[in-house]
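S.K.: Sending over a structure as structure tokens; questions will come in a sec.
The values are calculated or read from the model by the stated rules, or taken from the named source; none is laboratory data. Worth saying up front: this structure is predicted, and the values here are computed from it rather than measured. No Cβ is skipped: glycine too gets one built from the backbone with ideal geometry, and neighbour counts run over all protein chains shown. Ligands, DNA and RNA are excluded from the accessible area calculation, which covers all protein heavy atoms including side chains. Shrake-Rupley method; radii C 1.70, N 1.55, O 1.52, S 1.80 Å.
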Number of protein chains: 2
Amino acid sequence: MKLYDSRMAPNPRRVRIFLAEKGIEVPTVQVDMMTGAHRTPQYTAVNPLQRMPALELDDGTIITESVAICRYFEAQHPEPPMFGVGAKDIALVEMWNRRCEINLLLTVANVFRHLHPAAKTLEVPQVPEWGEANKPRVIEFLEILDRQLAENKFIAGERFTIADITALSAVDFMKPARVAVPDALTNVKRWHADVSARASAKA
Amino acid sequence: MKLYDSRMAPNPRRVRIFLAEKGIEVPTVQVDMMTGAHRTPQYTAVNPLQRMPALELDDGTIITESVAICRYFEAQHPEPPMFGVGAKDIALVEMWNRRCEINLLLTVANVFRHLHPAAKTLEVPQVPEWGEANKPRVIEFLEILDRQLAENKFIAGERFTIADITALSAVDFMKPARVAVPDALTNVKRWHADVSARASAKA
């Protein structure tokens, strides 16, 4: 088994944090997206979508998409549970993970990819107007998240889950995207300090 | 229990197809997105993100995000399985569902929302250049899907899954988005005819 990993990108980091929380070690192969290593014929044979990360199983099966890779390990190593326990909790974890993906990780990525000079070769064409349109959406969602975190230790309740992993990767990706968490969002700031203090955050 | 549903939008349709495949009936409340009914204070109290659909449980819990709603019902009614069986299959269904969401449903939605005059009040601001940039991405992904469907009856293998539901909703949404499936993609066309002939496709 081997994990195709990129140190700088938020999606591969989601998998690394997940594995660290589970205490699972997997050999990795680094693929440098900034030099276009994910677009070589060699990596395109691994993932025709040229996206990171990817997991290659011992039987040659390739699993792409961060959350699909995490679900593979969740099924093999159920403890501690990262995708909820029981119908309602499973649904609420899925809901918050997707909310954080669509409204935070994707919007932050749109700001970075369409506005940052370093992303010029990653996102073709860059559409600066679309990057700008995503900036207020990042903040609007963080306000909703702040209300959720006023009443919950973690994003989907009292347990650390995949939703926290997605949101942590997204919030840390705000730095290269040059968008700041507003000071008024004290619950988001408290949560971010908490999850950043976990050993897995260094992964 | 009640399901907040919108007849014209692709995401609520995913839940309706899923429920039809499972043989589950749920009372629905129609919310007309074209008249902005999803932006009223009443619906904003249901889903602060003002997106459709939403499921309200008898205890008052609200579950939003189509796939989160589907996972709630999958946990309650496991047969027939729509999210895979066993670690590898679960991961491959998740992979293909996400590939179809990110590279097909989202790209088709970007074309519709940023280019169609009827979407002017749904997507503010419309960025036509971003809509145009998504058109070739729709076709590029359909080409990858065509290769997968050359060797598989359904998108994630020999079983109809959530990935087929996502892709069917997305391909049918190409009509209002004014993007056509290229005639050369005969495997996509065969698959689309197959899944459209299922009773659930009318849902």
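S.K.: Could you please find all residues in segment A:6-18 being surrounded by 15 or more Cβ atoms within 10 Å (Cβ to Cβ) and either away from chain B (no Cβ under 14 Å) or not aliphatic (A, V, I, L, M) (or both)?
M.R.: Within segment A:6-18, A:Ser6, A:Ala9, A:Pro10, A:Asn11, A:Pro12, A:Arg13, A:Arg14, A:Arg16, A:Ile17, A:Phe18 qualify.
S.K.: Report yes if A:Glu65 is within 14 Å of another protein chain (Cβ to nearest Cβ) and on the phi > 0 side of the Ramachandran plot, otherwise no.
M.R.: When the stated conditions are applied, A:Glu65 passes them.
S.K.: To continue, here is another question. Being among the β-branched types (Val, Ile, Thr) and crowded, with 19+ Cβ neighbours inside 10 Å is the filter here, so list the residues in segment B:184-194 that pass it.
M.R.: Of everything in segment B:184-194, just one residue is among the β-branched types (Val, Ile, Thr) and crowded, with 19+ Cβ neighbours inside 10 Å, namely B:Val188.
S.K.: Test A:Phe141 against the stated conditions and say whether it is under 14 Å from the mean Cα position of the chain (by Cα) and either under 16 Å from A:Asn110 (Cβ atoms) or of a type in the set (Gly, Ala, Ser) (or both). Step through it out loud before you land on a result.
M.R.: Working: under 14 Å from the mean Cα position of the chain (by Cα): no; either under 16 Å from A:Asn110 (Cβ atoms) or of a type in the set (Gly, Ala, Ser) (or both): yes.
No.
S.K.: Among the residues of segment B:12-36, which ones are hydrophobic (A, V, I, L, M, F, W, C) and either under 16 Å from B:Tyr72 (Cβ atoms) or at pLDDT 95 or above (or both)?
M.R.: B:Val15, B:Ile17, B:Phe18, B:Leu19, B:Ala20, B:Ile24, B:Val26, B:Val29, B:Val31
S.K.: Do we find a residue being farther than 22 Å from A:Thr44 by Cα, aliphatic (A, V, I, L, M) and either modelled with pLDDT of 95 or more or not in a loop (DSSP other than H, G, I, E, B) (or both) anywhere in segment B:148-162?
M.R.: From segment B:148-162, those farther than 22 Å from A:Thr44 by Cα are B:153-154, B:158-162; that's our starting set.
Cutting the leftovers down to aliphatic (A, V, I, L, M) gives us B:162.
Next, only the ones that are either modelled with pLDDT of 95 or more or not in a loop (DSSP other than H, G, I, E, B) (or both) stay: B:162.
The answer is yes; a qualifying residue exists.
S.K.: Residues being under 21 Å from A:Ala170 (Cα atoms) and facing chain B (nearest Cβ under 8 Å): count how many of those fall in segment A:51-62.
M.R.: Counting residues in segment A:51-62 that are under 21 Å from A:Ala170 (Cα atoms) and facing chain B (nearest Cβ under 8 Å) gives 0.
S.K.: Something else about it: Within the set of pairs 6+ apart or on separate chains, which have a first residue in segment A:1-25 that is within 14 Å of A:Ala201 (Cα to Cα), a second that is surrounded by fewer than 18 Cβ atoms within 10 Å (Cβ to Cβ), and C-beta atoms under 6 Å apart?
M.R.: Listed by first residue and then by second, the contacts come to A:Arg16/A:Ala203; A:Ile17/A:Ala203; A:Ala20/A:Ala203; A:Lys22/A:His77.
S.K.: Determine if segment A:155-166 includes at least one residue that is open to solvent by 20 Å² or more (accessible area, probe 1.4 Å) and away from every other protein chain (no Cβ under 13 Å).
M.R.: For segment A:155-166, residues open to solvent by 20 Å² or more (accessible area, probe 1.4 Å) and away from every other protein chain (no Cβ under 13 Å): present.
S.K.: Here are some residues: B:Pro41, B:Pro128, B:Pro48, B:Pro78. Which one is farther than 20 Å from B:Val171 by Cα, facing chain A (nearest Cβ under 8 Å) and modelled with pLDDT of 95 or more?
M.R.: B:Pro48
S.K.: A further question on this structure: Is it true that B:Ala133 is part of a helix (DSSP H, G or I) and more than 10 Å from chain A (Cβ to nearest Cβ)?
M.R.: Taking the combined requirement at face value, the residue does not satisfy it.
The rows are residues; the columns are (1) assigned to a loop (DSSP other than H, G, I, E, B); (2) under 16 Å from the mean Cα position of the chain (by Cα); (3) at pLDDT 95 or above; (4) not basic (Lys, Arg).
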| residue | (1), (2), (3), (4) |
| --- | --- |
| B:Asp146 | no, no, yes, yes |
| B:Ala167 | no, yes, yes, yes |
| B:Asp172 | no, yes, yes, yes |
| B:Pro176 | no, yes, yes, yes |
| B:Pro182 | yes, no, yes, yes |
| B:Asn187 | no, no, yes, yes |
| B:Val195 | no, yes, yes, yes |
| B:Ser200 | no, yes, yes, yes |
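S.K.: Please determine, by comparing only the residues of segment B:84-125 that are modelled with pLDDT under 95 and in a helix (DSSP H, G or I), which one is nearest to the other protein chains (Cβ to nearest Cβ).
M.R.: B:Ala119
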